[in-house]
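Notes for the one structure printed next.
The values are calculated or read from the model by the stated rules, or taken from the named source; none is laboratory data. Not measured: the values here are computed from a predicted model. No Cβ is skipped: glycine too gets one built from the backbone with ideal geometry, and neighbour counts run over all protein chains shown.
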Amino acid sequence: MSDGSWYRLCVENKRRWSPAKDVRVLLLNFEQPNAAGQYRTTWIGEVPLVWSNQQVIPLTPTIGPPHECDLCGVFKQPSGRYTLSLCPLIQPFNLPSSWQEAVRFVLTLQARGVESGDGRHDPVSCQSVYEQIQEAGLHRLQRSLASP
């Protein structure tokens, strides 16, 4: 067992009497700060994230009760360094997804089902700041969610 942590998103259907079918959580946009510190889009697409315990649940579950999906994990490597890794179901070639140094990024995510009586829900932005102090063996991941 390695030293580390999972960071997960909870997908919840407030109308449990009307389950959302074939739901996916999609990564739509990836932004990183430029030299001036302003966030700029460096990747756009639609990549599903991995559901927690993906081996035993469908790729697109029905959401009545809440389900969790894996956003990222921070784990200690045999070298003693920590690695932050995003958890897309498929890894696009041009999407950065793993870091061993401090990093800042903003992700735009959206949960979608095949049927939606009131249209698609607005995407949610997730800003992450990953800082690590290698000498002390500490790592910290700060995150905040805000609707655009």
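Assorted remarks:
- Subset of segment 63-105 [exposed (fewer than 15 other Cβ atoms within 10 Å of the Cβ) and of a type in the set (Val, Ile, Thr)]: 90
- The strands (runs of 3 or more DSSP E) located wholly in segment 1-88 that include 2 or more residues which are free of Cβ contacts under 8 Å to residues at least 40 places away in the same chain and among the hydroxyl-bearing types (Ser, Thr, Tyr) occupy 82-86.
- Residue-level check: of (1) more than 24 Å from residue 93 (Cα to Cα); (2) surrounded by 15 or more Cβ atoms within 10 Å (Cβ to Cβ); (3) in contact with a Gly (Cβ under 8 Å, 6 or more places away or on another chain), residue 16 misses just (2).
- Of all the numbered requirements in (1) at pLDDT 85 or above; (2) closer than 20 Å to residue 19 by Cα, residue 114 misses one, and that requirement is (1).
- Search result, residues across segment 61-74 that are touching a Phe, Trp or Tyr at 6+ places or on another chain (Cβ under 8 Å) and more than 20 Å from residue 107 (Cα to Cα): 61
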